[in-house]
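Only the coordinates and a few stated rules stand behind these numbers; no lab work does. Please read these numbers as outputs of a predicted model, since none were measured by experiment. Cβ placement follows ideal geometry from the backbone for every residue including glycine, while neighbour counts extend to all protein chains displayed.
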Amino acid sequence: MPETTTAETDPNSLLDQFELSEELREGVRPGLEVMLAALDAEQGLTCEGRQQALALFQDNLRRLAAVEADRRRYPEIADVQIERPVFILGLPRCGTSLLHALIGADPDVRTPMSWEVAQPSPPPEAATYDSDPRAQAFDDYVAATFTGKWADMLKAHPIGAWIPQECGMILETSFQSINPLTMFRIPNYYPWYLQADTTFAYKVHKMFLQQLAWRNPRKRWVLKVQEHAYHLPELFTVYPDAMLVQPHRDPVTVQASICRLIEVLRSTALEHQDRNALGQELLHLWHDGQVRMMAYRKANPGIPIHDMRYKDLAADPVAAVKGVYAFAGIDFTPQTEAGVRGWLADNPAGKHGKHVYSLDDYGLTEGQVREVYADYIEAYRDYI
């Protein structure tokens, strides 16, 4: 295993590099400690992968400290109201990113753009939002980074300054997020994540939304990431008026696609990837989230949730967005439709090349997937 210094892997040494209040410092500590221990235990990481993970942890602490510093400087940020936010969630590869991007093209709706999540301080301002140099800096980073082994990422998932960012990049600053697990294969972290009370993560998430909305507000927030399914009680603790949107797709197609995406994502971090092991890992990882979500929905039948078909989104994106707006009580205006159609015109399917994948590549069969996902298929058969 490549050696790392004590300063890099000691939680206190990492935390001491950033000015955080005691509340935030102690909030991130449990997850940080587990992540660092899991990183040390993972034998398959390359030296580059280990350094990438440590750099990610440092960047997460940097962004969190920057947001908190702005709140100290401008206490009114904490008074920003986040009302009836809409969360898109569900299985990976079922159209959540497309739906989020289409809605993000509406000038009346606020989605967190990738550049502002990466560089949230100072708080973005409406007057300079479209020309903020942080956006170009992010696109320059994408152009320099997503090459070589990572080039296929752009085929599978849109990445750019003006692409709405998933909540995972916000939640990971709390060190209570599944993101690092998917990037670096640190399985020892996963059991801790499943049993953790992630209320702190959603408090941090709200801090980010308040930061981004303070000087650039819109009528409603629309957000997205699959990992919300694992911790809905905590989400509703922080956002009691939240509304959920869940697209559904055949898990057989989902599974093959997500395996390829994660394989590419981990390609620079791991010395060797066992495709069969990856298939088994991801087969159960994403199903775990659906088990939790189905249980929560059964126990709380009154939560506002809009189920939709991926097939309908793919066939008529404008009508699918209209359906979401009708559910959430958001006005679908001519400007909304123009934004949605404009995004579709600028981002045709396969813009960066075709994303190729097969279940066989990962030692999986259709029967295996259908057996594991039998409960999900039965519950949402009408939407698949």
Could you tell me which residue out of A53, G329, V117 lies farthest along the dipole of segment 6-383 toward its positive end? Charges go on the beta carbon: Lys and Arg +1, Asp and Glu -1, centred on the Cα centre. G329
How high is the relative contact order of the chain, in percent, with contacts defined as C-alpha pairs under 8 Å that are six or more residues apart? 25 percent
Could you tell me which trypsin sites (Lys or Arg not before Pro) in segment 301-384 are loop residues by DSSP with no more than 12 other beta carbons within 10 angstrom of their beta carbon? K351, K354
Mind putting a number on the dipole of the chain about its Cα centre? Charges go on the C-beta only, +1 for Lys and Arg and -1 for Asp and Glu, and I need it in Debye to the nearest 20. 900 debye
Karplus-derived 3J(HN,Hα) from phi for segment 164-180 (6.51 cos²θ - 1.76 cosθ + 1.60, θ = phi - 60°), whole Hz, x at Gly and Pro, runs x, 8, 5, 5, x, 6, 7, 4, 5, 6, 8, 6, 9, 8, 7, 3, x
Exactly which chymotrypsin sites (Phe, Trp or Tyr not before Pro) in segment 247-328 are in a DSSP loop and have at most 10 other Cβ atoms within 10 Å? none
For labels at K298 and D360 in the simple 7 Å Cα→Cβ model, what's the distance in nm? 3.7 nm
Quick one: what are the phi-derived ³J(HN,Hα) couplings along segment 30-36, Karplus 6.51/-1.76/1.60 with θ = phi - 60°, whole Hz, x for glycine and proline? x, x, 4, 4, 5, 4, 5
Using a 10 Å cut-off around each Cβ, can you sort Y230, Y376 from fewest to most neighbouring Cβ atoms? Y376, Y230
Too-long pairs where the Cα-Cα distance tops 22 Å, listed order kept, from K224/K322; K206/K298; K224/K311; K219/K311: K206/K298; K219/K311
Of all DSSP beta bridges with both partners in the chain, the antiparallel percent, nearest 5, is 10 percent
From the Cα centre of segment 273-295 to that of segment 157-176, the distance in Å is 21 Å
Convert each backbone phi in segment 48-53 into a coupling constant with the Karplus relation 6.51 cos²θ - 1.76 cosθ + 1.60 (shift: θ = phi - 60°), then list the ³J(HN,Hα) values in order as whole Hz, x for Gly and Pro. 4, x, 5, 5, 4, 5
Roughly how many nanometres apart are two label points built 7 Å out from the Cα toward the Cβ at T268 and A69? 2.6 nm
Name the long-range amide H neighbours of M113: under 5 Å, sequence gap of 5 or more, or other chain; modelled H, no Pro or chain starts. Q165
Which three extents, in angstrom, do the Cα atoms of segment 13-155 have along their principal axes, listed largest first? 48, 41, 32
With the calculation restricted to Cα positions, what are the radius of gyration and Dmax of the chain in angstrom? 20.1, 58
Using modelled amide H (1.01 Å from N, peptide plane; none on Pro or chain starts), what sits under 5 Å from the amide H of F87, excluding residues fewer than 5 places away? L223, M243, L244, V245
Once every DSSP H run of n ≥ 4 in the chain is given -39500 (n - 2.57) and the sum is divided by its residues, what mean residue ellipticity at 222 nm do you get, rounded to the nearest 500 deg cm²/dmol? -16000 deg cm²/dmol
